[in-house]
Every structure is written in C-alpha cells, then in structure tokens.
Amino acid sequence: MTAPSIRNVSEREARQVAEAAREQDWRKPSFAKELFLGRFRLDLIHPHPTPAVDDVRRGEKFLATLREFCETKIDSARIEREGTIPDETIKGLKELGALGMKIDPKYGGLGLTQVYYNRALALVGTASPAIGALLSAHQSIGVPQPLKLFGTKEQKETFLPRLARTDISAFLLTEPDVGSDPARLATVAVPDGDHYVLDGVKLWTTNGVVADLLVVMARVPASEGHKGGITAFVVEADAPGVTVEHRNAFMGLRGLENGVTRFHQVRVPAANRVGPEGAGLKIALTTLNTGRLSLPAMCVGSGKWCLKIAREWSGAREQWGRPVAKHEAVGAKISFIAATTFALEAVVDLSSQMADENRNDIRIEAALAKLYGSEMGWLIADELVQIRGGRGFETADSLAARGERAVPAEQLLRDMRINRIFEGSTEIMHLLIAREAVDAHLSVAGDLIDPDKTLADKGRAAAKAGGFYARWLPKLVAGPGQLPRTYQEFGMLAGHLRYVERTSRKLARSTFYAMSRWQGRMETKQGFLGRIVDIGAELFAMSAACVRAEYLRETDDHGREAQQLADVFCRQARIRIEELFGRLWTNTDELDRKVVSGVLDGNYTWLEDGIVDPSGDGPWIADATPGPSRTDNVRRPIR
C-alpha cells in the first residue's frame, strides 16, 4: 500500500475545493454581511448583548485564580531565555483546568463562555504569549472544538475528559508545500478494513512537539464505498509511525512547541474519523468561525499592556523640560494606542457575546476581528517601541543588567508579528472575507460571469439578478444616516453611527460598480478587494466601539471616558476610511503588476548588485516524500 505523490492542481480546481468547504447557507442574520450590502442593521448588535449571571460568576472566579497563577507561577523572562515553557508551569495549568476552559463540565471542563475564554487568553497571553498560544491552539483549533461541533457521543466521551485535564492537542493541516491552498494536500489516509493508514508530513504543528492528541487533515482516495476527499481524524501522538522530526524556532514566541510531524503507515481507527469523508475542510473552517476570536483577544491583552507601559514611561521620561507624553508627536501615539485598544476590546467582546448567544452568523465578524486585531495590534506594539526609543529596541535582560526596569517591548514586537500570518495571513483573510462579502451577488449573478455556464444558465441568472438589483440598488441611494436626528440616543457618538450607515451604502455601491466593471476578473483584483474589506473592518470596529461606549454609559461604568475613547477612535478610523476609498480607484495596482512581471523575468537583477546573500544552501521547500522517518523523535510529552 503506497501513498500517491502530490498531483498538480489547476487554479480552477483549487477554487472549487475551497468553495466546497464554505458554509453555503446563511441561516442566521449577520451584522457584517449586511454592512457590506449597504444595510446598517444596528438592531443586531444594540443593545449590547450581555452574559448570563451564572456565566459571569463562573468566569470571574476562574479569572481571579488564573491571575494569581500568572503573577506567581509564570516566569515570562525564563521562557524567553530558555525557549521553552517549563514542565511545572504546564502541569500547573492542567491542575487549574486551563486545558478545559471551553469543555463542558460533564466532561470535566470548566464550561466557560467564549467571552470569558477570550478574557482568560488575554490575561495569560500578557504573562507569556507562548502560553497563550499553547492554550489557544489546544482549544480553539485543536481537538476539543471539532469534537464539540462534529464529534460523535462516543468520541466526546472518549477524548474530552482527557483533553479537559491531562492531554494537550494540536491541529495539523499545513504541509511543507501546502499552505492556504488545501487542494494540493499530500497527506493521505487510505482505508484498510476498520482503519485508515496515514502517510505524509505536516509542518508548523503548533503544540505538535508536546501534544498527546492530534487532529489531522488528510486526503482519503475515492474508492468503492468511500466518497473520499479531505477528512479529519483524531490521532494518538504516540501511535507507531508518528515521529516529531524537528522542533521549529522562530523570531518570536520562543516557547512555542511547534514542529514537523511525519506519519508513516500510521493505523488510525475509523472510529476516530471526525465527521464524514470529505468534510475535513468544512470542519476546519467552521471550527475557525469562533476559534479565530482567540487571536484578537490576545491582541487586546497586548494593547492593554502597551497602554500601561506607554502611560508610565511617557509620564516619567522628560525631554526639553516636560514629560514626553506632553509633546504632540508622542501624545498622538498614546492616543492611538488607547483609542484602538478600546475598539479592539469592543470588537472582540461583541463578537464573543454574539457567538455565545448563537443568534447571529458570525463567520465574517470573527474573520474581521482576526484581521483587524492582528493588523492594529502590530501597529500598537510598533508605536510602543517607538515611544520607548532606544530602550524599546533593547532586550529586557539588557535593561535589567544595567539597572533599569526590564520592559520586554522588543519581545512583544517579535511575538506580535506572527499574528498577521497565524490562522490565515492578512492577504488570505482579505480574500476569505471578500468572498463572503460578495456572496449575495454571486448567489444571484454568479452564473453570468462563469465561463462554463450555458447560455440558458446565463439567461436564468440574468432574470434572477435583474429582480435582485431592482430591489437592492434603490435602497443604496438614501438612508437614515442622512437624517440629522438619527441614533440620537448615542449622544456625541450619533454622528459616527450616521457616518457608518452612509458609508456602508457607499461601500456597497463601490462593490457593485467593481463587479459590473470587471465581472469574472473581479477575483484577480486583490488590491481592490483588500481595500473593500479594510473599509468594512473599520466600519465594524466603529460600530462596536460606539455600542460598547453606550453600554458602559448606561451602566455607569466609565461611561464618559468610554465615549471619549470611542469618539477619538471613530475620528481616526474615518480618516483611514476616506484614504482607503481614495485608493479604490486611484492606485498603482496595474503598474505594480507590470513591475512584478519584470522582477520575475529577471529585468531588474542589476538592482541586486552590490550585496552578499548570507542565506544558507538548500531547497526553498523541504522534501516531504512519504516514507519512514530517518531522524530521532523529539516529541516531549508532559506528564
């Protein structure tokens, strides 16, 4: 029994695989989806949803316990210095129940809501981003969440008690030559009686070095009695034929237990298959609908820490006779950090509470939260380093060695950089969100631009599209955002919500115009689509910030200060939005494409003269030919 080698995949086939994995239907309303269609459904997010009393009590109790653990048992400097999380720290987290934050109490978990799970990640992530990544990878995308959504009763009873207290899990999709294009997946699971035989190599397996249970995506060949396709399996990490061949080292997240895992003739019981054959990618994407919220939650924690350090440092450091915070150039950065952190928390809390209530489809909201949190979180960290000056570039150990406070600002910058790549790079998130944002258009007019459709198909699509646009387009001309007293219950923030309503209609008109202009070539206009998505992200963040500020005002919990932060954030966001609208139609996209072609054709190699390349030898992509491992197993289970 031999594993087939990877096959060449056409662009069209790759798109078909990705499209098949999408959730096709919208059974519940979506605030963000409506926003991209020019419909500002404030009723879907206001009044701000609130957690149940019992959920708050349970969540706050665990946060208090976790805070004490973070303050007394986590040595962040040691983790950074040694490049690994001490075993006793992980054992302590297990004893706290931190592995089972999202697992139902009937399986031994804590049963926290998404809101409190994310707050716990934000807290522990400030103590150690590596620990935050370990807990997030275990629960947000590791074995527990797919089992919660798609597992059988037997699978839940078998695995969830282990995962709640003792066993660490990892998610294995990426391969050396397969990233965001799963159609090229090379790992295979060949049916053999009541088992599948797994062969292949997985790369960047976060938690993979210390994991006990793995959720593995593999391609099942179609055969008699087997539909085949990309399928999810739960695999014991100590099964014969599983080898962790390498522990990867990175720019940041020094304690991350991330590696390369090889499977050679690994027998996996059919009972460990999650969902039907061919449902693996859909399971992965559905898992990420809420799983993606963990990353922006940790960005919120980082923003809060940056604000604390910026406040303390810029008040103590004096230049030209006054604290640096009083100088406008530095003050603008502090204002950006404070206002943006408020907005990021508003986005994460709102999305998380909507996930808990399960009244809305939040696939776009979660994706926007991940995109916006990672991008703005990186800017916040960069601004803190700039505020700290030379001390921001200096390591915490070096600062301490010469008698100053050990502030790990440069470490934060290194740790935060991966967030723009983790769980879907910014570029991939732009495309994913753009696809969902134009779903309504494609559902009525997609056949018009599909070259494989017949004239009859196109005729039916034209009639369907005509009816849709006859009803939709007139609604984009005018709306409540043009009435001066709309949303007046929001006081000083009402004008910002009117702006969101008007701008959402403008965004929808721009999208429609682009589809009319480029039709089938729309998917190649990635620069345009990215700006459309970025505008939508800003509008979503503005909406969340205003709704949160109003909620805090009504509960007398820092209401005035919250309104001030929301106002400043919205004014900053509006400037960014107007710039993005300008760049929709005035940009260098076409010229950029010509330059790229020239670079790839070697027309500019003369520009590379005068340097030396310190890179080592070796292939750009490591060989991942299936077969037995030729290296030692570096797996390190923690018991």
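Residues to consider are 559, 610, 616; find the one that is on the phi > 0 side of the Ramachandran plot and free of Cβ contacts under 8 Å to residues at least 24 places away in the same chain.
Working: 559 fails: on the phi > 0 side of the Ramachandran plot; 616 fails: on the phi > 0 side of the Ramachandran plot.
Criteria check complete, one pass: 610.
So which of 366, 396 is in contact (Cβ under 8 Å) with a residue 60 or more places away in the chain, in contact with a Leu (Cβ under 9 Å, 6 or more places away or on another chain) and either among the hydrophobic types (A, V, I, L, M, F, W, C) or closer than 21 Å to residue 80 by Cβ (or both)?
Exactly one residue qualifies, and that residue is 366.
Look at residue 222 and say whether it is touching a Lys or Arg at 6+ places or on another chain (Cβ under 8 Å) and either of a type in the set (Ser, Thr, Tyr) or farther than 24 Å from residue 144 by Cα (or both).
For residue 222, the condition - touching a Lys or Arg at 6+ places or on another chain (Cβ under 8 Å) and either of a type in the set (Ser, Thr, Tyr) or farther than 24 Å from residue 144 by Cα (or both) - is not met.
Quick one: in region 314-346, which of the residues that are of a type in the set (Phe, Trp, Tyr) and under 20 Å from residue 565 (Cβ atoms) is farthest from the chain's Cα centre (by Cα)? Explain how you work it out, then say what you get.
Step one: of region 314-346, the residues of a type in the set (Phe, Trp, Tyr) are 320, 336, 342.
Cutting the leftovers down to under 20 Å from residue 565 (Cβ atoms) gives us 336, 342.
Numbers: 336: 22, 342: 19 Å.
Per the criteria, the residue is 336.
Among the residues of region 114-133, how many are part of a helix (DSSP H, G or I) and either of a type in the set (Gly, Ala, Ser) or in contact with a strand residue (DSSP E or B) (Cβ under 8 Å, 6 or more places away or on another chain) (or both)?
At the first step, the residues of region 114-133 found to be part of a helix (DSSP H, G or I) are 114-127, 129-133.
Cutting the leftovers down to either of a type in the set (Gly, Ala, Ser) or in contact with a strand residue (DSSP E or B) (Cβ under 8 Å, 6 or more places away or on another chain) (or both) gives us 120, 122, 125, 127, 130, 132-133.
Of the residues in that region, 7 qualify.
Can you list the helices (runs of 4 or more DSSP H) found entirely within region 398-507 that contain at least 2 residues being open to solvent by less than 60 Å² (accessible area, probe 1.4 Å), closer than 30 Å to residue 76 by Cα and charged (D, E, K, R)?
409-416
The conditions are (1) part of a loop (DSSP other than H, G, I, E, B); (2) over 22 Å from the mean Cα position of the chain (by Cα); (3) closer than 24 Å to residue 108 by Cβ, and residue 208 fails exactly one of them. Which is it?
So residue 208 meets the others, but not (2).
Quick grid of which residues meet (1) in contact with a Lys or Arg (Cβ under 9 Å, 6 or more places away or on another chain); (2) within 25 Å of residue 252 (Cβ to Cβ); (3) in contact (Cβ under 8 Å) with a residue 24 or more places away in the chain:
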position: 76; (1), (2), (3): no, yes, yes
position: 81; (1), (2), (3): yes, yes, yes
position: 84; (1), (2), (3): yes, yes, yes
position: 87; (1), (2), (3): yes, yes, yes
position: 91; (1), (2), (3): yes, yes, yes
position: 109; (1), (2), (3): yes, no, yes
position: 112; (1), (2), (3): yes, no, yes
position: 116; (1), (2), (3): yes, no, yes
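What are the residue pairs meeting all of these: first residue in region 245-272, first residue of a type in the set (Asp, Glu), second residue surrounded by fewer than 18 Cβ atoms within 10 Å (Cβ to Cβ), Cβ atoms under 8 Å, and 6 or more apart or on different chains?
245/629; 245/631; 245/633; 245/634; 257/636
With respect to residue 579, is the statement that it is acidic (Asp, Glu), closer than 24 Å to residue 541 by Cβ and at pLDDT 95 or above true?
Criteria met by residue 579.
Identify all residues within region 233-251 that are among the aromatic types (Phe, Trp, Tyr) and over 12 Å from residue 195 (Cβ atoms); write none if there are none.
250
Six or more apart or on different chains, Cβ under 8 Å: which pairs go from a residue in region 500-523 that's closer than 19 Å to residue 579 by Cβ to one that's among the hydroxyl-bearing types (Ser, Thr, Tyr) and surrounded by 19 or more Cβ atoms within 10 Å (Cβ to Cβ)? Could you list them?
Hits for this filter: 500/543.
Could you list, in sequence order, all residues of region 345-386 that are over 25 Å from residue 534 (Cβ atoms) and not acidic (Asp, Glu)? Spell out the reasoning first.
If we filter region 345-386 for residues that are over 25 Å from residue 534 (Cβ atoms), which is where we start, we get 356-359.
Selection gives 358, 359.
Collect the residues in region 365-397 that are open to solvent by 40 Å² or more (accessible area, probe 1.4 Å), assigned to a helix (DSSP H, G or I) and more than 19 Å from residue 301 (Cβ to Cβ), keeping them in residue-number order.
Those that are open to solvent by 40 Å² or more (accessible area, probe 1.4 Å), assigned to a helix (DSSP H, G or I) and more than 19 Å from residue 301 (Cβ to Cβ): 386, 390, 391, 393, 397.
Residues that are at pLDDT 95 or above: find the helices (runs of 4 or more DSSP H) completely inside region 1-113 holding 3 or more of those.
Here the list reads 31-36, 53-73, 76-82, 87-96.
Would you mind finding the one in 146, 129 that is of a type outside the set (S, T, N, Q) and open to solvent by 10 Å² or more (accessible area, probe 1.4 Å)?
None of the other options fit; the residue is 129.
Got a sec? Which of 601, 589, 617, 609 is touching a Phe, Trp or Tyr at 6+ places or on another chain (Cβ under 8 Å) and more than 30 Å from residue 169 (Cβ to Cβ)?
That would be 589, the only listed residue that is touching a Phe, Trp or Tyr at 6+ places or on another chain (Cβ under 8 Å) and more than 30 Å from residue 169 (Cβ to Cβ).
Check residue 635 against each of (1) over 30 Å from residue 363 (Cβ atoms); (2) without any contact (Cβ under 8 Å) to a residue 60 or more places away in the chain; (3) open to solvent by less than 70 Å² (accessible area, probe 1.4 Å) and name the one condition it does not meet.
(2)
The values are calculated or read from the model by the stated rules, or taken from the named source; none is laboratory data. Quantities reported herein were computed from a predicted structural model and do not represent experimental measurements. Neighbour counts are summed over all protein chains in view; Cβ atoms, including those assigned to glycine, are modelled from backbone coordinates with ideal geometry. Calculation scope for accessible area: heavy atoms of the full protein, side chains included, ligands and nucleic acids excluded. Shrake-Rupley method; radii C 1.70, N 1.55, O 1.52, S 1.80 Å.
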